[in-house]
Amino acid sequence: MNKEEFSLNPWEVVGEVNYERLVKEFGIKLLASKLPKQFQDNLLFRRGIIFAHRDFERILECVEKKKKFVMLTGLMPTGRFHIGHAIIAKQMIFYQSLGAKVYIAVADIEAYNARSQSLEESKKIAFEEYISNYLALGLKKENCEIYFQSNRSKNSEKSNAYYRLQNLLARHATFNEFKAVYGEISPGKMISSLLQASDILHSQLKEFEGKIPVVVPVGIDQDPHLRLARDLSQRIKDFDFIQVSSTYNKFIPGLKGGKMSSSDPTSFISLADSSKEVETKIKKYAFSGGRDTLEEHRKLGGNPDIDVSFQYLRFLFEEDDKVLQKIYNDYKSGKMLTSELKGIAIEKINFFLKEHQKKKEQARSKIKDFI
Ligand code: TRP
């Protein structure tokens, strides 16, 4: 596969993603560069890591006018929790700090149907890997509801409403539409897609929040789910849904370039990695934008845009724009060597992980308050 070619669907991303092409193909909009202050203060928005949206104006208006809204997103509990997952987690926490009601769907039905993973395994991974990390990263229990797709609520009215909606939505989707959106499709994937549509829409049911603006922050691979949910929400006349908003973030690169994947430990940094592991991974695997020889590097400079260590600083670990810009300039001019850039990344990541791992230990006991 050459550089121009890539394929992407909710279960697989292959090749180098061309974000501009996706914006056109999916019909999503680029985010305005001048967002309100709360958003500018957030690294992910400020640096264009969250780069595109559908109907996000509605959410900006809620924030501006201090009106209620919901943030809903979901996680598929497979494999290790890595720094790529932290990008969605940071958005949950950000919206919670803005006053949103946070809904988090643990997609254990999807993992069962699309990844052949048992419900027990999903439960274990969801708690040990995902939820405990969310808490350690700062998710609070106020205004937050985490649920499993296989077990929506102990309250039967709520639970019935969620599964009822999934079932009623089915009439409004066609098989061809599933095919057009997903390419290959199986009954299990269809069921999972309808359930994800119910995830996205059910907070607006009277059993939950009632009609309310909802924002769904996701990686861009999830857009087919959003298209389906949005289309269905307008076709089903039995309810009066407000069209859902969504934002799309770019993928943090895997260590060797390409997508970070929980199934390949040499592609990710886990939030549970030891400082020695981080050091080895960055030194050994992190794709470098440096030149082949020292002389060449000094003379021609490196390329921070493709350098994975630099990208980790940009996505997550260097909050200060000025410091980041200086690293960028020094690396590009050849003043900074790859070994020095990797050294900075290792130090920053390990500083963060040390604190984080302490918090994660403390978070374990709090998990049960959340479900
Ligand atoms: N399909 C998502 C994933 O693979 C998980 C998910 C389930 C989700 N329900 C959702 C994401 C609702 C966004 C909104 O990670």
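The values are calculated or read from the model by the stated rules, or taken from the named source; none is laboratory data. Owing to the predicted nature of the structure, the values given are computational and were not obtained by experimental measurement. Cβ placement follows ideal geometry from the backbone for every residue including glycine, while neighbour counts extend to all protein chains displayed.
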Taking only the range 325-371 into account, find how many residues are under 30 Å from Leu300 (Cα atoms) and free of Cβ contacts under 8 Å to residues at least 60 places away in the same chain. 21
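Quick one: how many residues across the range 55-86 are closer than 26 Å to Phe148 by Cα and either part of a loop (DSSP other than H, G, I, E, B) or away from the ligand (no atom under 12 Å from the Cβ) (or both)? Talk me through it step by step, then tell me what you get.
First, the residues of the range 55-86 that are closer than 26 Å to Phe148 by Cα: 59, 68-86.
Remaining after also requiring either part of a loop (DSSP other than H, G, I, E, B) or away from the ligand (no atom under 12 Å from the Cβ) (or both): 59, 68-69, 76-84, 86.
Qualifying residue count, the range 55-86: 13.
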Scanning the range 160-194 for residues that are within 13 Å of the ligand (Cβ to nearest atom) and polar (S, T, N, Q), the one surrounded by the fewest Cβ atoms within 10 Å (Cβ to Cβ) turns out to be Gln166
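Results for (1) under 27 Å from His356 (Cα atoms); (2) part of a loop (DSSP other than H, G, I, E, B), shown as yes or no for each residue.
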{"residue": "Ser263", "(1), (2)": "yes, yes"}
{"residue": "Thr266", "(1), (2)": "yes, yes"}
{"residue": "Ala272", "(1), (2)": "yes, yes"}
{"residue": "Lys281", "(1), (2)": "yes, no"}
{"residue": "Lys284", "(1), (2)": "yes, no"}
{"residue": "Asp292", "(1), (2)": "no, yes"}
{"residue": "Glu296", "(1), (2)": "no, no"}
{"residue": "Asn303", "(1), (2)": "no, yes"}
{"residue": "Phe315", "(1), (2)": "yes, no"}
Is it the case that the range 239-258 has a residue that's away from the ligand (no atom under 16 Å from the Cβ), surrounded by fewer than 17 Cβ atoms within 10 Å (Cβ to Cβ) and outside any loop (DSSP other than H, G, I, E, B)? no
Condition first: within 13 Å of the ligand (Cβ to nearest atom), under 29 Å from Lys29 (Cβ atoms) and under 15 Å from the mean Cα position of the chain (by Cα). Can you find one or more residues in the range 116-132 that meet it? no
When you scan the range 201-209, do you find a residue that is at pLDDT below 90, away from the ligand (no atom under 16 Å from the Cβ) and basic (Lys, Arg), even just one? no
Taking only the range 95-152 into account, find how many residues are in contact with a strand residue (DSSP E or B) (Cβ under 7 Å, 6 or more places away or on another chain), buried (at least 22 other Cβ atoms within 10 Å of the Cβ) and charged (D, E, K, R). 1
